[in-house]
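Scroll down for the structure; my scribbles are underneath it.
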Amino acid sequence: MLDHSLLVLGSGALATALAVLTIGPGVSSASSHREAPLIAGDPRADNTDVYAFTSPDKSDTVTLLANWIPFEEPNGGPNFYAFGEDLRYNIKIDNDGDGDSDVTYTWRFKNRIRDAANQFLYNTGQVTTLDDPDLNFRQVYDLVETRGGRSKVLLSNAPAAPSRVGPASMPNYASLRAQAVRGLPGGGKAFAGQAEDPFFADLRVFDLLYGGDLSERGQDTLAGYNVNSVALQIPKKHLALGGNASRNPVVGIWSTTDRKGVQLSDSRDKHRDQWKQVSRLGNPLVNEVVVPLKYKDAFNTLNPDQDRTVQPVVDKVLDPILPKLIQKVYGIQAPPAPRNDLFEIYLTGICKACGPVQADLNAHRLNRDANLRKIVPAEELRLNMAVPPTANPNRYGVLAGDLAGFPNGRRLTDDVIDISLQAVEGAAQSGQLIPALADGDKVNANEVPFGTSFPYLALPHTKSVNSGPSGTAMSKEKSAASLGGVGAGLLAAAGWRMRRRNRA
């Protein structure tokens, strides 16, 4: 059973927050985009965010989401955005706390091109179905579940939702999205395809923490961009230790990308044909703002069970860089090290026996059937599946007493930038938000609403980013008209060529 001390903590924090915050609807969105030198040059392999939460409309299931390819400009044709055929995309579950995956879901994608020799367009007419003959480029995928060393194909040649080319080409993209949602054997659903980037933040935080005087805030840097997403809705019993979500409700989640033949350290290695992990993501912002630059690439190759053995990284969890930078720029005293509260949040999960945050929330030790001797500190996004979904989620999550939010899993609406900023300043331990930073980045919500059913992600944007989310450069109607003027000629020509070829 959950301890109520976090509720007390949350209530205290919320009371302070309400006193100093203006919590209202915002128009903006950001997490692990291009966070390390090597992965910044490999966008198809770059994990940007991971989400895990009890499905709000189906509470016996958990929804798992992971995104790749940051900063997709909606009008980035003619090739648009595809998952890599030479990559494995994974979501991993640790249900016994040993830092290893007990259940792994793996996606592998394949390209299907109808006419590569005589066509350059992504589509050659209006696309109304996923197998529409006018969709020249498609992707299909195999989804494999691995548990206990055994792998099982859950879906074979399932269609991914295409990149959203625009209103002239795909007048009812919601219908295409719906066609890409597939049922899974044994229960659950799967989706893969393009989506609006759900991460919201002002990334001018990297300009000396919002300009050095908090003047650079309130602009959602990621507004208007898309990502490629995979999503699952899985019955809780399929994820829990021993198949019993009542006795063992805590799971750890992270995503990875594997690339075949990649060599990160020694080109003399003779085993270049093996799969190598090149990206990894559990809690948001860990590799981005906790891990020093020297170790970022290496961190992306680690399995969580190795985390405790990398002392320079453990040292930065216990004595982080960010609070010292905040002290230098804004004069806010950094909490004293060692930061056992952050060690608890990121590496063990929160429980009374785990550290100074005195509450039993989401540590693997809370699983009744867990072998305590095998549990190790490991950086994972931990979710206590017994916490029911909140009818009105608070963007501050656990800090505001909303135990269904980050860092107990992560929902699409959780404001992880503001939560993390407060956490590194000690708010999880003290129960008090830091008033001077209480407004955070002034980006409190995504620029568009999320869906109310699986996969919950918003539909991809179609408007060019350089006109801005509220730009006036081109209305939707003008965009369609423009496409009609410019694109219709191309489409008509392409259609004529196809009809001619078919008759031949």
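Using every pair of separate Cα atoms, the Kirkwood estimate puts the hydrodynamic radius of segment 121-234 at 16.8 angstrom. The magnitude of the dipole of segment 291-336, with charges of +1 and -1 set on the Cβ of Lys/Arg and Asp/Glu and taken from the Cα centre, is near 220 debye. Assuming R0 = 22 Å, what is the FRET efficiency of Ser453 and Gln126, from their Cβ-Cβ distance, to the nearest 0.05? Once the sixth-power term is evaluated, E becomes 0.30.
In segment 325-428, the C-alpha radius of gyration followed by the widest Cα-Cα span (Dmax) gives 14.4, 47 angstrom. Exactly which chymotrypsin sites (Phe, Trp or Tyr not before Pro) in segment 111-151 are in a DSSP loop and have at most 15 other Cβ atoms within 10 Å? Of the chymotrypsin sites (Phe, Trp or Tyr not before Pro), the ones in loops of segment 111-151 whose Cβ has at most 15 other Cβ atoms within 10 Å are Phe120. Cross-linked pairs Lys236/Lys352; Lys296/Lys324; Lys189/Lys260; Lys294/Lys352: Cα-Cα separations exceed 22 Å for Lys236/Lys352; Lys189/Lys260; Lys294/Lys352.
How fast does segment 168-253 diffuse by Stokes-Einstein, in µm²/s, taking the Kirkwood radius from C-alpha pairs at 37 °C and 0.692 mPa s? This corresponds to a translational diffusion coefficient of 196 µm²/s. Heavy-atom surface analysis with a 1.4 Å probe gives segment 30-154 a carbon and sulfur content of 46 percent of its accessible area.
Note on segment 65-132: dipole from Cβ charges, positive end direction compared against Leu121, Asn75, Gly99; the farthest Cα belongs to Leu121. Here each label is just a point 7 Å from Cα along the line to Cβ, and for Asn111 and Trp275 those points are 2.2 nm apart. Placing His33, His238 in order of accessible area, with the largest value first and a 1.4 Å probe, yields His238, His33.
Placing pseudo-labels 7 Å out from each Cα toward the beta carbon at Leu293 and Lys328 gives an inter-label distance of 1.2 nm. Can you pull a Stokes-Einstein diffusion coefficient for segment 412-463 at 37 °C (0.692 mPa s), Rh from Kirkwood over Cα pairs, as a whole number of µm²/s? Answer from the Stokes-Einstein relation: 253 µm²/s. Note on surface exposure: Ser279, Ser101 rank Ser101, Ser279 by accessible area, highest first, 1.4 Å probe.
Where the centroid of each part is defined by its Cα atoms, how far is segment 162-209 from segment 108-123 in Å? Centre-to-centre (Cα) distance: 21 Å.
Per residue, the Cα convex hull of segment 276-318 amounts to 71 Å³. Distance distribution note for segment 305-375: the fraction of Cα pairs above 17 angstrom is 53%. Working from the Cα coordinates of segment 221-367, the gyration tensor eigenvalues give, after taking √(5λ), semi-axes of 27, 26, 17 Å in decreasing order.
Only Lys, Arg, Asp and Glu carry charge here, each on its Cβ (+1 for the first two, -1 for the last two); on that basis segment 155-231 has a dipole of about 580 debye about its Cα centre.
The values are calculated or read from the model by the stated rules, or taken from the named source; none is laboratory data. Note that the structure is a prediction, hence the values are computed from the model and not measured. Backbone-built Cβ (ideal geometry, glycine too); neighbour counts: all protein chains shown. To get the accessible areas, we keep the full protein, side chains included, count just its heavy atoms, and leave off ligands, DNA and RNA. Shrake-Rupley method; radii C 1.70, N 1.55, O 1.52, S 1.80 Å.
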